[in-house]
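See below for the structure under consideration.
Please treat every number below as a calculation from the coordinates, not as lab data. What you see is a predicted model; the values in this text were computed from it and never measured. For neighbour counting, all protein chains shown are included, and Cβ atoms are generated from backbone atoms with ideal geometry for every residue, glycine included.
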Amino acid sequence: MGSPTRPLTLAVPGQPQPLQPGEFTSASNPSTVSFRLLDIEAPSALYIARDDQVFAFVYSTLTNETITINARVLTIDGVIMPIQTTITMPVAGVGISSIVSGVEGFLLSLSAVGSTALQRGLDFVRIWLNRGKVNVLNTSQLLMSGYVGNQHQRSWPGSPIEHPFDGAGGIIVNTVGNPAAGADWVYSTTVVQISRVLMVCAKLTTSAAVANRQVEIVVTNSGGAVLFRTAALANIVASTTAIVSAGNVSTSTPIVSTDVVIPLPEDCWIPNQGSILTNTVGIQAGDQWSNISVTTMQYMYNV
């Protein structure tokens, strides 16, 4: 005898029926909120119209520095479009401008980062929304302004708008070449740079010519006018190798006669195209300055 025949159960045609009450119970708690999926609010406060442009100006004190700018735009057809612009500085100390985006839509995010600058104060970026042709008078909104680098970036929205003088600059140890024998040394800032002097150190080797040398530190502006002048309290005599240091220190005469200290004010600024220099009273033809360094906190000026 064969097995009894079971009745054939056919699936109900059409879509599955909704779960009935009590048919399924989730092990997790249900959500207490819901999100609106239709007729939602604008995803960004900034809409780039057809005649608008996102424009960038970058400036670097480094040669071959590359600034990378990334943007995300929600276009009018609902596509999120990533935009990347790279700006390479062929030489140091030159500003370059570039259009980041000419795409219509909502600007969702914007960021800028440098490639090699390892500290603040070396790369500066300013990005704004321009209406129509590129002209500062057509600026609609400033989006980003401040220093960037390899380890620190700026973004929109989120990062504060900063002037080049806001916050700390870049701490730079500037090496000055040796002047000719019998001459003093000079360190000068560029047209787009101002510097706060932190420390100065140099070696003065005096000849056998008998004379007292008194070292002065002088700060001048671009026209050579003296802004600040101060002198050491001790003489440097003949046939001596003296280390001359200047900084924000109290006036003192060191016990070691070959250590000469010159006090500087706490806010000792060199303006753009200004200078800090030595004026050695009584300098002799065979005297030689060497190992000259001027440590400054550097800021960009008029960028």
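Numbers below:
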quantity	calculated
GNM top mover of 219, 79, 58 - the chain, alpha-carbon springs below 10 Å	79
For the stretch 47-156, diffusion coefficient by Stokes-Einstein and Kirkwood Rh (Cα), 10 °C, 1.306 mPa s, µm²/s	113 µm²/s
Lys, Arg +1 and Asp, Glu -1 on Cβ, resulting dipole of the stretch 130-274 about Cα centre, debye, nearest 20	380 debye
Integer Hz, Karplus 6.51/-1.76/1.60 couplings in order for the stretch 192-208, x for Gly and Pro	10, 8, 10, 9, 9, 6, 9, 8, 9, 8, 7, 10, 10, 9, 8, 7, 7
Surrounding net charge for residue 231, when Lys and Arg each add one and Asp and Glu each subtract one, Cβ distance under 12 Å	+1
Structure-derived Cα extents along the principal axes in Å - corresponding label in [x] 66, 39, 36; [y] 65, 47, 39; [z] 133, 58, 36	[z]
Residue order, fewest to most surrounding Cβ atoms within 10 angstrom, among 259, 52, 184, 267	267, 259, 184, 52
Sites excluded, chymotrypsin sites (Phe, Trp or Tyr not before Pro) in DSSP loops with at most 15 other C-beta within 10 Å, longest stretch of the chain	166-303
Only Lys, Arg (+1) and Asp, Glu (-1) charged, at Cβ; the chain dipole about Cα centre in debye	220 debye
Cα centroid separation, the stretch 77-122 to the stretch 244-303 (Å)	39 Å
Relative contact order [Cα under 8 Å, 6+ residues apart], the chain, whole percent	17 percent
Ranked list, fewest to most other Cβ atoms within 10 Å of each Cβ, for 101, 115, 109	109, 115, 101
Positive-end residue, the stretch 47-156 charge dipole about Cα centroid, Cβ charges, pick of 139, 115, 75	139
Cut-off 12 Å between beta-carbons: net charge of the residues surrounding residue 121, Lys and Arg +1, Asp and Glu -1	-1
Calculated FRET efficiency for the pair residue 96/residue 281, C-beta based, R₀ 35 Å, to 0.05	0.15
